[in-house]
Structure formats: C-alpha cells, structure tokens
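Taking it in order: structure first as structure tokens, then the write-up.
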Amino acid sequence: MRTSLERRDFLKLASAAVVAATSRRGVASALRKICIVVDPADIVARDAAVTWAVRQFQRSLADCGVNAEVLSAIPHEKNHDCLIIVSGSMPASFSKPESLRIEPFRAAGEGALRVSGSDVRGLVYAVLELADRVQCSTDASLGLSFATAIEESPANEIRSVARAFCSEIEDKPWFYDKSFWTGYLDMLAAYRFNRFNLVFGFGYDFPKGVTDDYFHFPYPYLVDVPGYDVRVVPLEPGERARNMEMFRFIAAETAARGLQFQLGIWTHAYQWTDSPKAYHHIEGLTPQNHASYCRDALAILLKECPQIQGLTLRVHGESGIPEGSYPFWETLFEAVAKCGRAIEIDMHAKGINQIMIDMAVKTGMKVKVSAKYSAEHMGLGYHQADIRELEIPRPDRMETGVFSVSNGDRRFTRYGYADLFQQDRKFDVLFRLWPGIQRHLLWGDPETAAAYARTAHFCDASGLEICEPLTFKGREGSGIAGGRCAYTDGTLRPRQDWQKFAYGYRLWGRLLYNPDTDPEVWRRSLRKQFGANAAAAEAAMANASRILPLLTSAHLPSASNHSFWPEMYENMPIVLGSEPSPYNDTPTPHRFGTVSPLDPQLFSSISECVDELLHGRLSPKYSPITVAQWLEDFAAAAAAANAKANARLSLASAAEWSRWQEDVLIQIGLGRFFAAKLRSGFAWEIFLRTGSADAAQVALGQHKIARDAWAAMAQRAKAIYSADVTYGSTPGRRGHWLDRLASIDRDLVAMHASISTTPAVEEGIAPSRIQAAVLMVNARPHRLFVTGRHTPPKFFRSGQQLDIFLGLDSTAGRTPVTLFYRHVNHAERWLSAAMKQDVGGYRGSIPGAYTDSPYPLQYYFVVAEKGASPIFFPELNATLSSQPYYAVWRRNTSII
C-alpha cells in the first residue's frame with residue numbers, strides 16, 4: 001500500500017495526465033459551432049426548465065471549445081457544423097409523461113438532430129442527454145452522432161432522492177452553500193430523478209436523549225407565526241430569516257430544473273425527554289396550542305414557498321406524537337386542505353391505518369403511503385417474499401401507549417409493503433430505500449439498480465425514493481467538522497460530498513427511469529474517469545456492490561439500521577455467552593446461528609438449515625452455505641477486476657480511482673469475512689447439535705479465516721478513513737473497522753475454549769448425516785436448475801379459480817410440483833398445493849374462494865428431483881437481480 005507521500009505524488013501525476021487528455025479531446029473535436037433552434041411559439045420548449053437545460057448543453061459544449069448559439073428559427077445560411085432542433089412536439093402514440101425522443105433528420109438540406117419531449121420534463125431529459133454525451137465524449141463528434149432515433153419513457157412515476165439535515169456541525173455547511181445546491185440539483189436532473197425531498201427531523205428515532213436538535217422540530221427555525229410567541233433558544237439574531245431564505249432558494253432551484261420539491265417533516269415533538277445536554281429548546285408551546293401552531297406554521301411555509309408540491313410525514317410514534325392522536329393530524333392537515341393548490345401527502349407506512357389514510361384523503365389531495373422496500377436496509381432487488389417471524393403480530397408483542405399501533409396489531413407494517421396493495425385503494429404506494437447497509441461506501445451495480453427499477457412499480461406502485469448516501473452521517477449529535485466523507489487522507493476528499501457518489505446516483509436515476517437503459521450511459525462516464533480502466537472498474541464495483549445486499553436478504557441480525565450496520569459490523573457472537581449480543585431485534589437465543597433472514601420464505605437460517613440436514617429433510621431454500629459461496633464468488637470477481645484495473649493505473653484519475661478502489665477493497669474484505677463466518681457458524685451449529693469434533697475444528701478454522709479477512713481489510717482502511725466515522729452516539733454507530741476486531745477475537749477465543757467441552761447433543765442422528773453435513777461446510781454447493789416455461793396470466797377474476805401451468809422439458813423422475821401462493825399482503829402466510837402432471841408439464845390452480853379478495857396474487861413453484869434438494873422456479877439469476885416469484889392482478893379495478 002502506498003504511503004501518504006507516495007499517494008500525493010501519484011495524485012499530482014495522474015491528475016496532470018487527465019487534464020492533458022481532456023485538452024486533447026477538445027482540440028480533436030470536429031465541431032466548432034452548433035446552432036440550437038428553439039421555437040418561441042413552442043410552449044413546452046420555451047419553458048424555464050427547458051431554457052435551463054439548453055444552457056447546460058451550451059456550457060458542456062463550451063467546455064469542449066464549441067460555440068453554441070440559440071436561435072428562434074432554422075438559419076437560411078449554413079455557418080455551423082451541427083443543427084439541433086428543440087421541440088415540445090411528439091407523436092400522439094408516444095405521449096406518456098416525461099417521454100423523450102432524439103432523432104437524426106434532414107433540415108434545409110443538411111443533417112440535423114431533433115430532440116423532443118412529451119412534456120417539459122421529457123424535453124429537459126432529452127436536452128440533458130445531449131449535454132451528458134458531450135461531457136463524457138471521447139470522440140470528434142462529441143457524442144452527438146446518432147445512426148437511429150432513440151425513444152424512452154419512464155418505468156416509474158416517482159424517482160426521488162431524500163437528503164436529511166441531521167447534524168448542525170456537518171450539515172449547515174452544505175445547507176447554506178448555494179454552489180452545492182446548483183451542482184447537486186444539476187446532477188439529480190441530469191440523471192432523471194424527478195423529485196427531491198428535503199428532510200427535517202430525521203436526526204433521532206425518538207425525542208429522547210437529544211443533543212443536536214437543529215431543525216429537528218423545523219418550524220420555529222424557519223418562520224415566525226403571528227399569534228404565537230414560539231422561539232428557539234438560543235438562536236442568533238437573523239438566523240431564522242437566513243434559514244428561510246435558503247429554504248426558498250433550494251425550493252426555487254429545484255423547481256427551476258423541473259423537479260418536484262418535497263418537504264419532509266419527520267418530527268413534530270417540541271420537547272425532548274431525558275435530554276439535559278440538548279443544544280436548543282423550544283419556548284412558547286404547550287399541549288393546548290401545539291397542533292394549531294404546527295398547522296399555522298405549515299400554512300406559512302406553503303404560502304411563502306409555492307414550489308412545495310408535497311409533504312412527507314412520519315405519522316407513527318417516533319414522530320413525537322403518540323399513536324392514536326388523530327386530532328393532531330386532523331388539525332395539521334387543515335393547512336394542506338386550505339393552501340389553495342395541489343399538495344401531495346406522503347405518509348410513512350409504519351403503523352399506518354385506515355383512520356390516518358381517510359383523514360389524508362379527506363383533504364382532497366393526492367395521497368401516498370411510503371413503505372420501506374427491504375426493512376431499513378438494502379437487500380436484493382425484489383420485495384421479500386415474507387417478513388420475519390418477529391414482525392408478525394402476536395398477543396405477547398402488543399404494546400400500548402405511544403406505539404400502540406405500529407407495535408400492536410399493525411406491527412407487520414414496519415418493514416415492507418404490509419397490506420397496502422388492496423386494488424381498490426384510494427392512495428398510491430411509494431417505496432423508500434432506507435439508509436441501511438450502503439451509508440458510507442461507494443456503491444454501484446447496474447444489475448441490482450435495474451432490478452429495483454423493475455420492482456419499484458410492483459403491483460402498480462408509484463416508484464422509489466432513495467435515501468442519499470451518507471444519510472444519518474453525524475446523527476444523534478455525533479457530527480465532526482471536516483467533511484462528511486470522513487477521509488483521513490485529505491487528498492481523497494471531494495469538493496462536495498455527493499461527487500464521491502455520482503456513479504451510484506447515475507445508476508439509480510437512469511435505471512429507475514428506464515431499467516433497460518443502454519449500458520453506454522454509465523460506461524461513457526467511466527471512460528471519462530478511468531480511461532482504459534473503465535471496464536475493469538465497472539466489474540469490480542458491480543461485484544463488490546452485490547455483497548452486502550445479499551447478506552441483508554440472507555442474514556439479518558436486526559431490521560433496524562439503528563442497530564445493524566454491516567459496512568462496519570458489530571460482531572454477533574457465534575459462541576453464546578462469549579460476549580453480549582449487540583442485537584435484540586433477532587430470534588433467541590441471541591447468537592449468530594439463530595439469526596433470521598430478511599426473507600425467511602426463500603432463505604434459511606443456519607439453525608434451520610442444519611436441523612433439516614441432520615434430520616434428512618430437503619428444502620428448496622437458499623442455504624447459508626450457498627450464500628457463503630455467492631459472497632466468495634462476488635468477492636473473487638471484484639478482486640480479479642480490481643487487479644486488472646490496477647495494471648493500467650497510470651491512466652486513471654488518481655483521487656477518483658483511489659476512492660473507488662478503497663471502497664471496493666473494503667467490500668471485498670466484508671464479503672470474505674461474512675462468507676467465512678457463515679461457514680464457521682454453520683459448522684458450530686453442527687457441533688452444538690452433535691458434539692462432532694470434526695465440525696468444531698472446521699468452525700474454528702473458518703472463524704480464523706473470517707478474523708484474518710476482517711483484520712487485513714481494517715488495517716488497510718486505517719490509512720483511508722478517520723478513526724471515528726460517525727453515524728450516531730453509541731459505539732455501534734461510530735468508530736472504525738479496527739474497533740470491531742477485539743469482539744471478533746473474543747468470540748474466537750471463546751470458540752477455542754469451548755471445543756474441549758461436550759454440548760448437550762441430540763440423540764438418534766445418523767453418523768453419515770453428521771459427516772455429510774460437516775463436508776458440506778467447505779464444499780462448493782451445487783444447485784440444480786429447472787429448464788421450464790411459464791407465462792403468468794395478466795389478470796384473474798375475483799372469486800374464480802386461477803389455473804396455472806408450468807411447462808417442463810422433462811417430467812421423468814420428478815415428484816409432483818408444488819405451487820406456493822399468497823395474496824400480496826405481508827400480513828398473511830403462504831399456502832401451497834400439489835400440481836398434477838400433464839402433457840409437457842404440470843397444472844395447478846388457486847381456488848376461487850382465495851381469489852375472492854381485494855389483493856393481487858403472487859406465486860412460485862417448487863420442483864422436486866429424486867435424490868436431490870427441491871428447486872425453486874423461478875430461481876434467482878447469476879447476478880441475483882431477478883424476481884423469484886410472479887404477481888398477477890385482479891381484473892377491472894380502479895387501480896388498473
């Protein structure tokens with residue numbers, strides 16, 4: 001590894017090479033002047049947002065030494081190298097909102113380009129596509145050569161980014177920085193996000209133990225409400241006015257780019273409990289005037305900031321308003337109902353019930369309920385087939401008081417889409433990708449992003465909001481001055497924090513818009529960054545980025561990102577009692593082998609899988625050993641690609657490549673660690689059940705491999721990241737990878753000591769099964785695949801039997817296929833029915849009594865092979881980016 005001095009020298013040399021290459025590209029351009037024609041009579045083309053996009057295009061051309069003149073009509077004489085017509089007119093057959101078309105054609109006898117959009121956003125995207133091609137170009141045409149027309153329409157109605165203010169120390173700098181906002185919002189628009197959500201009140205889960213409370217209850221930081229003497233103490237004179245000025249600026253700049261501006265208010269509490277060290281306190285509010293003040297303050301915000309088009313609200317107990325306090329929300333909604341324009345109400349789904357939904361609908365505004373996509377983390381790109389047992393309501397789990405709904409009979413709403421997909425609903429569903437596993441490290445896998453894009457409109461949902469990278473940075477009063485990216489090596493720090501994550505933003509935005517986007521869209525940016533390294537850099541990042549989403553789906557010690565941070569994992573002990581478990585949101589006893597998957601319908605826990613093996617039961621579920629192998633394979637592929645890229649290191653942009661490579665290497669280390677730990681935990685479970693000395697030795701060996709992988713990764717990261725990377729106030733939410741090594745070592749020592757003891761073993765387990773289970777730990781698992789054909793029906797009729805056929809190339813030697821089905825409702829469990837063999841496959845049905853339901857249906861198949869484990873159909877694909885079940889809608893509903 002390079003020393004700091006060597007890294008600085010390398011940065012200077014490589015940066016100079018990139019500047020020289022950029023200059024050569026400009027000189028090599030075949031274009032000198034471009035005419036951009038915008039008809040002033042075209043109401044779409046003359047919109048302010050399109051005018052802004054044209055200016056962006058002009059700037060990108062100017063950076064390449066090309067003069068771009070905007071004209072109102074096609075010039076009579078040719079004094080240009082390229083003619084571009086900007087038009088708001090598109091064929092009626094291609095009129096879906098936000099659609100675009102770019103086509104070569106001939107105008108006045110010469111070749112030209114016409115860029116058009118079905119509306120303002122569509123035209124903005126078309127013009128920005130040209131700008132991006134120019135910015136990333138490496139040829140003389142500046143990327144403006146089109147052999148054929150391209151047409152695109154959005155797959156998802158909402159493509160949103162949420163950015164939260166969590167830390168006065170870390171977030172005031174970007175909040176007050178106008179240059180930050182222009183660059184950040186430029187980027188969001190260019191990558192085809194269409195909504196920006198500025199979030200306040202996200203700094204704490206509960207109004208308890210609060211220190212850094214700036215903007216936590218946002219109204220008094222922004223507005224003075226007549227009739228109420230409400231103030232923040234202390235607050236510098238003029239600070240409230242400055243905050244409001246910036247708030248207006250952010251909203252206006254968002255709207256100027258054609259984005260929807262959304263205001264997120266997650267906390268409505270105004271008093272903190274057990275918070276003697278709070279930086280501020282709110283004076284002038286009482287329980288009697290609290291609701292009316294919030295209503296009147298919100299009314300002022302909506303009036304003073306007309307660009308606000310929607311509100312995102314946390315409405316369960318963590319908002320500071322006890323669940324069941326319906327009069328408060330009814331009063332607050334009055335501000336929306338009377339504001340005189342359309343304001344979308346977006347309510348967080350946790351604990352949501354029909355009473356809250358009906359109150360929002362009563363305002364006459366469009367209502368969305370936003371569900372967490374995969375708990376508070378990022379799993380694989382499909383909605384979990386089932387929720388964990390811990391999320392299922394039971395009498396012994398019912399709480400009263402503040403969380404009487406979300407921890408009561410609506411407990412299943414916490415970490416998924418719950419029962420929201422009734423097809424006659426009067427609201428839309430929006431998914432939110434919570435700031436879980438990918439908080440700090442650079443992420444970028446096109447396959448996973450496309451999978452999320454294809455499932456963000458699952459069952460006609462509206463789309464997806466992603467919580468920006470670094471969400472929760474500096475949370476709970478843990479902010480540290482010096483930049484949110486927490487680099488100890490200052491040469492790696494980008495000018496603006498979002499610039500580190502630009503590649504991830506590009507993937508999310510462009511693929512949420514169109515999951516079938518041409519890979520050239522991101523590859524051209526990689527070529528600009530890394531030159532000949534581009535293909536290897538893409539492969540390294542893609543494979544590394546699959547590691548933690550897989551782990552989340554297969555092994556989830558806590559659904560809460562407050563607890564489980566796999567990027568900087570707090571060790572869950574394999575050996576019970578070696579140390580206290582850091583996770584309580586997990587099955588008992590709290591040890592590694594009992595941890596549930598996020599999706600227990602398709603993945604098995606260690607204890608479940610070992611129990612099946614030792615008792616001869618065959619399961620189609622993805623086993624922990626299969627998951628370990630996938631992790632190792634992704635880590636190996638990432639490492640090989642990274643090594644290939646390093647062979648051409650002199651061609652890379654040094655700072656960007658170092659940031660890229662170091663985060664890839666950390667994720668490779670995490671993949672190797674978790675793979676070995678899964679194998680170790682699996683072998684240890686065999687030892688606990690059987691007393692097998694062989695199993696104990698395998699567990700110990702894999703534990704050492706895991707420990708060494710973590711130590712090597714952490715030691716390298718010591719030179720890259722600060723000793724205290726802060727996402728909260730407790731040790732588990734801050735620190736460094738090296739800090740976690742001690743607990744891993746304690747668990748390893750405890751395992752070594754426990755090998756000499758004999759556990760209370762189960763009787764009657766055949767030695768051959770024990771031996772086979774032990775051999776499985778270090779073996780590469782081999783899953784069979786079914787070659788089959790199935791076309792899901794588009795609809796079903798309520799109350800009528802739904803017949804389903806699975807075609808198989810061969811039915812010889814197979815037992816009847818099993819059909820698993822369920823309503824699209826996480827409150828329900830899966831049912832199954834045997835299918836009957838027929839010509840070319842198997843037939844089955846879902847009974848009419850079951851289809852008599854307001855919910856869509858989902859289903860998959862399990863195919864049994866003699867002497868082998870059963871197989872899912874459909875299986876997850878090689879990149880784990882496919883949907884492992886089918887969904888079908890009820891015919892003739894108000895939603896379809």
request  = Within the range 686-708, count every residue that is over 14 Å from Pro566 (Cβ atoms) and within 33 Å of the chain's Cα centre (by Cα).
outcome  = 6
task = Return the total of residues in the range 137-155 being farther than 18 Å from Pro515 by Cα and open to solvent by 10 Å² or more (accessible area, probe 1.4 Å).
result = 11
query = If we keep just the residues of the range 701-749 that are closer than 17 Å to Glu579 by Cα and among the aliphatic types (A, V, I, L, M), which is most open to solvent (accessible area, probe 1.4 Å)?
reply = Val749
query = Among the residues of the range 211-226, is any more than 30 Å from Ser153 (Cβ to Cβ), surrounded by 16 or more Cβ atoms within 10 Å (Cβ to Cβ) and of a type in the set (Asp, Glu)?
reply = yes
inquiry  = Given the options Leu670, Leu631, Leu665, name the one that is open to solvent by less than 10 Å² (accessible area, probe 1.4 Å) and in contact with a Lys or Arg (Cβ under 8 Å, 6 or more places away or on another chain).
reply    = Leu631
Single unsatisfied condition, Gly844 versus (1) outside any loop (DSSP other than H, G, I, E, B); (2) farther than 19 Å from Ser810 by Cα; (3) open to solvent by 10 Å² or more (accessible area, probe 1.4 Å) = (2)
ask   = Out of the range 848-877, which residues are surrounded by fewer than 14 Cβ atoms within 10 Å (Cβ to Cβ) and more than 26 Å from Val627 (Cβ to Cβ)?
value = Ala849, Asp852
message = Pairs please, first residue from the range 388-410 and at pLDDT below 90, second anywhere and open to solvent by 20 Å² or more (accessible area, probe 1.4 Å) and outside any loop (DSSP other than H, G, I, E, B), Cβ atoms under 6 Å, 6+ apart in sequence or on different chains.
response = Pro393/Arg411
ask   = Identify, please: which residue in the range 337-367 is within 22 Å of Lys303 (Cα to Cα) and of a type in the set (Asp, Glu) and is, among those, most open to solvent (accessible area, probe 1.4 Å)?
value = Glu344
request  = Scan the range 788-810 residue by residue and report those that are within 17 Å of Ala833 (Cβ to Cβ), touching a strand residue (DSSP E or B) at 6+ places or on another chain (Cβ under 6 Å) and open to solvent by 60 Å² or more (accessible area, probe 1.4 Å).
outcome  = Gln801, Asp803, Phe805
ask   = Restricting the search to the range 330-385, which residues are within 18 Å of Phe431 (Cα to Cα) and among the hydroxyl-bearing types (Ser, Thr, Tyr)?
value = Ser370, Tyr373, Ser374, Tyr382
request  = Considering every residue within the range 81-92, establish whether at least one is modelled with pLDDT under 90, touching a strand residue (DSSP E or B) at 6+ places or on another chain (Cβ under 9 Å), open to solvent by 70 Å² or more (accessible area, probe 1.4 Å) and not in a helix (DSSP H, G or I).
outcome  = yes
query = What helices (runs of 4 or more DSSP H), lying completely within the range 494-547, carry at least 2 residues that are at pLDDT 95 or above, touching a Gly at 6+ places or on another chain (Cβ under 6 Å) and within 21 Å of Arg159 (Cβ to Cβ)?
reply = 502-513
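Conditions tested, residue by residue: (1) at negative phi; (2) at pLDDT below 90; (3) not aliphatic (A, V, I, L, M).
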{"site": "Arg783", "(1), (2), (3)": "yes, yes, yes"}
{"site": "Pro792", "(1), (2), (3)": "yes, no, yes"}
{"site": "Gln801", "(1), (2), (3)": "yes, no, yes"}
{"site": "Gly807", "(1), (2), (3)": "yes, no, yes"}
{"site": "Arg814", "(1), (2), (3)": "yes, yes, yes"}
{"site": "Val817", "(1), (2), (3)": "yes, no, no"}
{"site": "His826", "(1), (2), (3)": "yes, no, yes"}
query = Any idea which of (1) part of a loop (DSSP other than H, G, I, E, B); (2) over 20 Å from Ser545 (Cβ atoms); (3) open to solvent by 10 Å² or more (accessible area, probe 1.4 Å); (4) in contact with a strand residue (DSSP E or B) (Cβ under 9 Å, 6 or more places away or on another chain) is the one Phe421 doesn't satisfy?
reply = (3)
ask   = Of the numbered conditions (1) in a loop (DSSP other than H, G, I, E, B); (2) in contact (Cβ under 8 Å) with a residue 60 or more places away in the chain; (3) among the β-branched types (Val, Ile, Thr); (4) out of contact with any His (no Cβ under 9 Å at 6 or more places or on another chain), Thr286 satisfies every one except a single condition; which is it?
value = (2)
key: Members of the range 703-734 that are out of contact with any Ser or Thr (no Cβ under 6 Å at 6 or more places or on another chain) and of a type in the set (Lys, Arg)   = Lys704, Arg707, Arg716, Lys718, Arg733
ask   = Can you tell me how many residues in the range 457-492 are acidic (Asp, Glu), under 15 Å from Trp434 (Cα atoms) and in a loop (DSSP other than H, G, I, E, B)?
value = 1
key: Residue ID - least open to solvent (accessible area, probe 1.4 Å), chosen from residues in the range 95-118 that are touching a Leu at 6+ places or on another chain (Cβ under 9 Å) and not in a strand (DSSP E or B)   = Ser118
remark   = So the strands (runs of 3 or more DSSP E) completely within the range 120-228 holding 1 or more residues that are touching an Asp or Glu at 6+ places or on another chain (Cβ under 7 Å) are 158-164, 195-200
request  = Say whether the condition of being open to solvent by 40 Å² or more (accessible area, probe 1.4 Å), without any contact (Cβ under 8 Å) to a residue 40 or more places away in the chain and over 29 Å from Gly509 (Cβ atoms) is met by at least one residue in the range 289-305.
outcome  = yes
inquiry  = Given the condition on the phi < 0 side of the Ramachandran plot, open to solvent by less than 20 Å² (accessible area, probe 1.4 Å) and over 34 Å from the mean Cα position of the chain (by Cα), answer yes or no: does some residue in the range 252-265 qualify?
reply    = no
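Here's the yes/no breakdown for (1) within 25 Å of Ala637 (Cβ to Cβ); (2) open to solvent by 10 Å² or more (accessible area, probe 1.4 Å); (3) of a type in the set (S, T, N, Q):
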residue	(1), (2), (3)
Met541	yes, no, no
Arg546	yes, yes, no
His562	no, yes, no
Trp565	yes, no, no
Met572	no, no, no
His590	no, yes, no
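The values are calculated or read from the model by the stated rules, or taken from the named source; none is laboratory data. Note that this is a predicted model, so its numbers are computed, not measured. Glycine gets a Cβ as well: all are built from the backbone with ideal geometry, and neighbour counts include every protein chain shown. Side chains included, ligands, DNA and RNA excluded: accessible areas come from the protein's heavy atoms. Shrake-Rupley method; radii C 1.70, N 1.55, O 1.52, S 1.80 Å.
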